[in-house]
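One structure is given below, encoded as C-alpha cells.
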Amino acid sequence: MPAAADKPGRRSLTHIGRSRLLIFFAVMGPGLITAASDNDAGGITTWSVVGARYGYGLLWVLLLITPILAVTQEMGARMGAVTGKGLAALIRERFSLRLTAFAMVALLLANLGTTVSEFTGIAAAFSLFGVPSFIALPPIAVGVWLLVTRGSYRRVERVFLALTALYATYVIAGVLARPDWGAAARHTVTPSFHSTSTWIITVVAAIGTTITPWGQFFIQATVVDKAVSIRDYAYTKAEVFAGAVFTDAIDFFIVIACAATLFAHGIAIDTAQDAARALRPLAGGFAYLLFGAGLLNVSVLAAGILPLATAYAICEAFGFEAGLDQSFGEAPIFNGLLTFFIFAPAAVAMIPHLPLVKVILFVQDVNGILLPVILIYVLKIINDRSIMGEHVNGPVYNWVAWTFSVVLIVLTVILVATSVPLPFRL
Amino acid sequence: MFFFSKLLGQTVRDVQGKSAGTLQDLVVTLRQRYPNVSAMIVKRGRKRYVAPWSAVASLEESGSLLRIPAGRLSTRELQPDEILLSGQVLDKQIVDTEGRKLIRVNDIQLARTGNVLRVVAVDISSGAILRRIGLSKVSGRLSKNPKPHLIDWGNVDPRTSDAGSVRLTVPRKDLSLLHPADIAELAHELSPEERAAVLDALEDDVAADAVEEMHPSFQASLINEMADDKASELLSNMSPDDAADLLADLPPERARRLIGMMDKDDAEDVQELLTYPENSAGGIMTTEFAHVPPEATANEAIALLRRQEPEVETVYYIYVTDKREHLLGVFSLRNLLREAPGRKVREFMTADPVSVRLVAGEEEITQAIAKYNLLALPVVDDDGVLHGIITVDDAIDLVLPPVWKKRLPRIFH
C-alpha cells in the first residue's frame, strides 16, 4: 500500500471554508420556509384589513408579536433539534392519550379552517378575473391533490416559495404610496386601543394569522426533516429569528400600503378587488394582476402544505402508517385524511356568495383562539428536563411565552363573549 | 388475556381491604421472550411504591389485591433488566424487527400462565386508541369486528424507547438480525439518543455497516454526539471510503483528532482517501482489495485470499500486482474454482484490465462499470500503481439520486 500523506491534503484545506458554508446551506430552510409560508392568503388579507380599517393604528401589535413569533418558532425548532421528533410525537409521549386527542382535535379544526381560507384565497384571486369559484376550485383542488400525492411536490414547492418574492411588491407599493412615515413610526411604538368588538376581532385575527398552531408543528417537523443536530443549532436559531423579522416586515409594508391608499380614502376591504387597489401606486392597472398572481401563488402552496402537515401530525400522534410513498392500501388513514383535508375545504370555499374576506378573517380568529391550547402543550414539554435535558427554556422565554398565552386567552374570552354571532360582526 | 391500559389507574387494596393507592405501572423483567411482570408500581398521593409480584394476591381489570398491609410497601430501584410498561413502552415508538419498521405502542397485551403474568403482544391498532379515550362504541360501529392489530412481543425490541439510565445487560439478538440497511433506515426515524442506544446495542461490525448506510447528515450528528474514543473505533470498523466521507464532513480539528486515534492502518488508508476530491475515483474508491503476486499458483492464491478475506471489500475479483504494486492483471473467484491448482496466476489472469485514473469523474466510472459489466473497477495512478477499487454498489449510488432523496422527507416529497 502506498505510504499515506502526513496530514490530510488538498481536500481538507478546501473543505474548511466549505464546511461552515455547507452546514449553513444544509440546515437553512426551516426558518425561511416557515416564514414564507406564513404570509398566506390569511396573512395577506388580514394585514390588508388591518391597514384599511385602522390605518397605522395596529402597527404596535405587529411590533409586539414579532419577537413572540420568533420565540414560539425558536421553541419549536429547539424541540425538533434536541429530540429529533415532531411535536405530535412529543405530545403523545408526554401526555395522556385523551390530552393528545384533545390537542389533535384543536389542530384539526384550526388547520381545516386555514385550508378553507387558502381555497377562499384562490377563489378570491380568480374573482379578480371574473372566474367564479365553482369553476376555478375543482380543477385546482384536483391539481393540488395530484401534486401532493404523485410527487415532485418539492420541486414545485421551491418554485412557489421563490415566487413569494412577489410580495416584495408590497414593500415597493408601501413606499410609493408616500405614507406618513412619522405617523407610522409613532403608531408602531405607541399602543392604542378601541373598545369595539371589531377591534378585538381584528387584533385576534392578526395574532392568529401570524402565530398559528400549524406553524408550530411545521417548524418542528421541518427541523426534524433536515436532521438539524443541537450542535448546528446556532445557524437554525439565527435563521428562525431572521425569518420572523422578514415575514413581519412584509406585513408592515402591507399595512402601510393599505393605510396610505385605502384607509386614507375611507375604503373598507370587502373583496379582493379592494385589497388589490392597495397596489395601485406601484402597479396602476396591473395591480390586479400582481395581487392576484401573488395571492394565487401563496394560497395554492399552503393548500398543499397544510393538509399534508395535518395528516402527518395526526398519524404521528396515533402511530398510523404515514408516507407519500405508500399506496392507499398501505397507509389508508394517512391517504384518506389527506384527501379529505384537500377536498372538504375546497367544497366549503365553493359555497356560493361566500363573503370571502369575512371567512378568511373568521378562520384567523379560530387560529388565534386555538393557539393558546397548543402553546400550553409546547410550554409544558419545553420545560421538561427529562425531554429537553439542559435545553429547557430560560426564565425570560418562559415569562414572554406564558404572558403572551395568558393575554391571548383573555382576548379570546372577550372576543367570544362579545361576538354572538361572530361571522356577522366581521 | 387482557390489555394493560385497562389496568392503569385501578384501585389497589391491601390485605386488610383498605385502599393502598392506584396502579400506576408494571415492572417487567426482560429475560425471556415473553417478559414476566416482576413488580407493580402503586401510587398513593405523590409517592410511588414498588410492590413485588410475590406480594400481589390478584390483579384484575376491576382492581388488584395485595397480600401485605399498605404500610409495608416500600420503594426500590429498577434492576438492569427491568423496564416500566407505562413509563417506557406504552405510547412510545419501538422497533418491529419482523416488519422492519418503527411502531407506536397503543396498548400492551398481557396473559396469565399460572401465577405468572406475561407480556405477550403490543397493539398498534386505531381501535386501541379509541378504546383508551373511551370511544370504543364508536369503533364498534365503524367496523363489525374491531380487531386489535397485535404484534408478537418476541418480534419487537423495546430498547429504542427512551430508556433513560436503564442499561440492559442481557443483549437481545433481534436487532442485529436486521440488515444494516434496514437498521439505518429505522435509525433515521429515531431521536438522537435512541439512535445512539441502537448502535450501542449492536456489535461493532454490524454497527459500522449500519452507519455506512445512513444519510451523511445523520452520520455527522451521530459522530457529534459520540465521545472521541467510541467515534474513532466506529470509524476504524467502517470501510475506509465511507469513513473518509464521514470525516470530511466533520470540523477539521475533530477529524484530525479522530484520525489520530484510529488504528494505524485504517488511519493511513483514510488519510490517503481524503487527499482526493470527493467526486473523483480517488474519493469514491476503497483501499481494501484482494491482491496476489503474479507467480502465485491458484492454490496459493486461495490461501492468500483466505488470509485477506476479513479485511477486503470484495473477494470476487482478485488483482495481480507486482512488488511495487503496479496493476498487472485481474482474475475472479470463478477462475480460481476452474483452474488447475498448480497453474500460475499470471497464466490465466486477464492482463491489462479495465481501470480508471484517480482523477476520473463519476460519469467515466459508471460507464466503465456498466460497459464491461464489472463488479469492481480498479483505480490506478499515472504510473499504473493500483490504489483502490470502486465496487458496483458505490457506483449505483452515483447513478441513483443521493441517499437523502432515497429516504423521502416527511413533509415534502
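Below are the figures for this structure:
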| read-out | value |
| --- | --- |
| Qualifying aspartates and glutamates (Cα of each under 12 Å from Cα of B:LYS18; at least 8 residues distant if same chain) | none |
| Dipole magnitude of the range B:19-114, debye to nearest 20 (Cβ charges: Lys/Arg +1, Asp/Glu -1, about Cα centre) | 320 debye |
| Flagged links, alpha-carbon separation over 29 Å, of B:LYS101/B:LYS230; A:LYS358/A:LYS380; A:LYS237/B:LYS264 | A:LYS358/A:LYS380; A:LYS237/B:LYS264 |
| Computed [θ] at 222 nm, deg cm²/dmol, chain A (DSSP H ≥ 4; -39,500 (n - 2.57); rounded to nearest 500) | -25500 deg cm²/dmol |
| Chain B, helix-only ellipticity at 222 nm - DSSP H runs n ≥ 4, -39,500 (n - 2.57), divided by all residues, nearest 500 | -9500 deg cm²/dmol |
| Spin-label model distance (nm) - B:VAL385 vs B:MET261, 7 Å beyond Cα toward Cβ | 3.1 nm |
| Student exercise, the protein assembly as shown dipole from Lys, Arg, Asp, Glu Cβ charges, in Debye to nearest 20 | 4140 debye |
| Rounded tilt (10° steps) of A:197-210 against the dominant C-alpha axis of chain A | 30 degrees |
| Kirkwood hydrodynamic radius (C-alpha pairs) into Stokes-Einstein, the range B:220-261, 10 °C and 1.306 mPa s, D in µm²/s | 160 µm²/s |
| Exposure proxy order (Cβ contacts within 10 Å, fewest to most) of B:ARG67, B:ARG131 | B:ARG67, B:ARG131 |
| Compactness of the range A:220-310 - radius of gyration and Dmax, Cα, Å | 17.8, 53 |
| Selection from A:ALA52, A:THR210, A:ILE351 lying farthest towards where the dipole of chain A points positive, charges on Cβ | A:THR210 |
| Chain A: relative contact order as a whole-number percent, Cα under 8 Å and 6+ apart | 35 percent |
| Most mobile listed residue (B:ILE389, B:ILE183, B:ILE68) in chain B, GNM with C-alpha springs under 10 Å | B:ILE68 |
| Whole-angstrom Cα spans of the range B:198-345 along principal axes, big to small | 53, 33, 24 |
| Sequence-separation-based contact order of chain B, relative, with Cα cut under 8 Å and 6+ spacing, percent | 9 percent |
| Beta bridges per DSSP with both ends in chain B, % antiparallel, nearest 5 | 90 percent |
| Viscosity 1.567 mPa s, 4 °C: Kirkwood-radius Stokes-Einstein D of the range A:266-360 over Cα pairs, µm²/s | 82 µm²/s |
| Most mobile of A:ILE267, A:ILE369, A:ILE250 in a GNM of chain A (Cα contacts under 10 Å) | A:ILE267 |
| Cα gyration tensor, chain B - rounded (a/c under 1.5), prolate or oblate | prolate |
| Relative contact order of the range B:254-319, pairs being alpha-carbon contacts under 8 Å that are 6 or more residues apart, as % | 27 percent |
| log10 of Debye I(q)/I(0), alpha-carbon scatterers only, for the range B:6-135 at 0.10, 0.16, 0.17 Å⁻¹ | -0.33, -0.83, -0.93 |
| Equivalent ellipsoid, the protein assembly as shown (semi-axes from 5 times Cα gyration tensor eigenvalues, Å) | 53, 40, 23 |
| Per-residue mean of C-beta atoms belonging to partner chains within 10 Å, peptide B:235-248 | 1 |
| Ranked by how many other beta carbons lie within 10 Å on average, peptides B:24-32, A:403-411, B:334-342, A:74-82 from highest | A:74-82, B:24-32, A:403-411, B:334-342 |
| Cα gyration tensor, the range B:179-275 - rounded (a/c under 1.5), prolate or oblate | prolate |
| Nearest-ten-degree value, helix A:356-382 long axis tilted from longest Cα axis of chain A | 30 degrees |
| Cα-based helix-to-principal-axis angle, A:213-225 vs chain A, degrees rounded to 10 | 30 degrees |
| Per-residue average of Cβ from other chains inside 10 Å of B:54-62 | 0 |
| Cα gyration tensor, chain A - rounded (a/c under 1.5), prolate or oblate | rounded |
| Shielding of A:90-98 by partner chains, average beta-carbon count, 10 Å | 4 |
| Taking the C-alpha atoms of the range B:290-398, convex hull volume expressed per residue in Å³ | 95 Å³ |
| Distance histogram in 10 Å bins (all Cα pairs of the range A:313-426, percent per bin) | 11, 25, 27, 28, 9, 0 |
| For the range B:1-69, the Rg and Dmax computed from alpha carbons only, in angstrom | 11.6, 36 |
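Each reported figure results from applying straightforward, stated rules to the coordinates on display, with no laboratory input. All of these numbers come straight from a predicted model, not from anything done at the bench. Cβ sites come from the backbone with ideal geometry, for glycine too, and all protein chains shown count toward neighbours.
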